[in-house]
Each structure stands twice: as structure tokens, then as C-alpha cells.
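What follows draws every value from the coordinates through simple rules; no lab data is involved. Since this is a predicted model, take the numbers as computed values, not measurements. Cβ placement follows ideal geometry from the backbone for every residue including glycine, while neighbour counts extend to all protein chains displayed.
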Amino acid sequence: MIIQPTSFAALTWIGAAAGADSMGWRMGDVLSAHTLGFTEQGLLVLKIGALTVEAEAPGTQLPSQFQVRVLSLGAQPQLELIGAQATVNANVNQALCERLPRQNGYASLLATVTALAQWPVLRQLPPYVRTALALLEHSMSNPEEVATGEGLREAIERSGLFLESQLAQATGDNAELGQDDWKGALLRLLSALEDQPALRDGSGNDVAPPLQSRGMTPQGRFVLPAELAESNKAADFLPRLRNDVQAALARLEVAQLQARNVPAWMVEIPVQDEHGADVLQVRLEQHANDAEQDQHWTLGFALDLPSLGPVQGELVLRGLRLSVRLWALLSNTVALLEGQFGDLRERLAASGLSLDQLSCQTGLPQAGNSRSAVFLKATA
């Protein structure tokens, strides 16, 4: 990885702007460096040797301390990072090792939150826990929002996958940033539950695998254990709620850690209506341009609704030509979806898109093996 400083910070040695060679750097020198933060313009601020410099941020997060080798001199020298990528990979693998055993799908958490919201037991909870639960529900999307392009884009942005990136890019006083974010809401709820004991229910067979390790798999609603479903004591729910929040946070952080090594974005979006909450999985991939088409996008989705059962879909857009393939586990759902094909064709024609394929099959596609090398290293 190469870092090319764009300028020397204003408050460094006198004469620094004259160039690195005048400050004693020589080609091949190995220097100690560490990160100081970012400027308002988004430039990375580094302390290299005795100099403070600004540089374009690399695509990979740098460790707090590392070494660089001087490749070229001048007003904008080139510096090669030594061993930084190995350090970053080791840190990522360690973080995955810590989170993979704790992660689980959102279904259990959504079932617990829905039960608390509907039952009188909610009034027994401390006010700060009720507030955190309300913020968590507020961070969920609704079916009407994700049914539009703009609403789906906003739901993806606040899915928690990009929270740290949005915070790092924020400028000025923006106290409301992250208020609607799913991960931000999970962190607030976990903080409110910090005094509650942890619970490990040992239900390993029910753990949903990380997205990148098995691909999209529709997640149905979770049924609470009978002892909880019949309970009227808030104290019975709080340990499970804390455990569910920790598992959901671990799952989201695994997705964030794995996103740096895969060609596609895979996002899980909680969607809530008056009857409960479901999980919408979305996979978005932009393919390399080829000689025949200007654009090539693939959008996949998976969900499991009580009224439809498990459903998956894949939309492939090449220029203005669209192919749509749907799968449903239940035959009556296939018939229901095919009954909407006429309206869908009319809407696509009105939008200027040409439909190459539109089909719906009974059954679900075989889950792809998208297990990454990082996942294998972390679980070996």
C-alpha cells in the first residue's frame, strides 16, 4: 500500500513545505508513523518521524502505529507501508474470532421486542429501558418505506453497516447523526441493559449463519419459549433481551468486518408493521463493465413473511434491460406473485426498461457458498 502526502500540515517545522528531502528523509529510509485523525476536508493526518503530513485516506483502515519506507522524495513524496496490511488483517481476524461465536440473526431480538411492546409487562421496565426500546423500534423501516427506491436506499444507509463511516465523515455539530441508525439504537439499548445478567441459552442449532458465509437465507419470525410467552414479569425478559441485543450487534459487526473482502454489499433490514417485525436481506453487486453493456447490476433479496412464506428474488440490470427471477417455497405464493406479473410489466414498460425475463419458481434456490477466506481463518 502506498501513501502519498498531499501537503505538510501548517504547524510543523519551519520550511517543511520545501519538501521532504530537505528534512533529512532519504530514499529507502524506514520511518515510524502513527495516525492523528482527519481534517475537515477528509484528509488523513499522519505523524511521520518529526513531521505532520496530510494524505488521501487509503481504502483500508490503518493501525494506530506502523512503519513506512520512503520510495520517492520531493514536495509530495511516496511512502510504502511496511507490514500494515498484515497488522490490519490480524486485527480483523481477531475481531471475527471474538464475535462469530456470539452472533445470531435478528429474529429472536425482534420477537422479544415485539412481545414487550404488546404486553402490559412493558410498564414494569425502567423508563430508560423503555426509551431505548422505543428508539430501537423507531430505527426500523416499515413496508411502505422499503417498497420505494428512495425508501430502500435510506433503509440500507441506516442499517448499521455504515454508522462509523457516517460518523467519521460528519462535520460540525450534528447531534442527530445516528439517531435513526439500527446499530446506534442497538448500542443505546445495550447500554441501558448493562446491569442485566448475560444469558446463554445454548440454542446453537437455531443460530443464523453470517451472511457472507452462507449467502441469503430467508429468516422467519422467532417463536418465544412457552415460559416467556406466558410470563407477566419484566425481570424474565431482560436477560434474554440483553443476550439478543449482544447477538444482533455481533452479527452486524461481523458483516462490517467481512464487507472489506467481498465484491458485494449484503445488508439485513428489520421491517416492522402492526403485526410484528421481519428481516429483509439485500445483496447488491456492481459488475465490471464489458464491451456490450454500460452497466451491470445484480440485486438479490430474501424474506420470510407469515402471509407468503420464504421468498427470494434476483434482479439483473444490464443497461436498460432487466431480468427478474423469483422463488417461493409455497405453491400458492407462486400463483399470487404470478398474478402480479401483468401490472409489473406495465410499470417497467412505463419506466423505459425492457424486460428480458420474468419468472417465479416453486422452491428456493440453493444457497451459494460465499464463505470467505477471512471467515475460514477466523473459525479454524
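Sticking with the crude label model, points 7 Å out along Cα→Cβ, report the distance from His138 to Leu31 in nm, one decimal please. Taking the two extended label points, one gets 4.7 nm. Between Val223 and Ser354, the FRET efficiency estimated from the beta carbon spacing at R0 = 35 angstrom works out to 0.20.
Amide H contacts under 5 Å for Arg321: Ser354, restricted to partners 5 or more places along the chain or on a different chain, H placed in the peptide plane at 1.01 Å from N. Centroid-to-centroid, using Cα positions, segment 217-267 and segment 335-361 are 35 Å apart. Oblate is the label for segment 287-370, because a/c, from the alpha-carbon gyration tensor with a ≥ b ≥ c as root eigenvalues, is 1.5 or above and a/b does not exceed b/c. As a proxy for reagent exposure, Lys47, Lys183, Lys233 were ordered by neighbouring Cβ count within 10 angstrom, fewest first; the result is Lys233, Lys47, Lys183.
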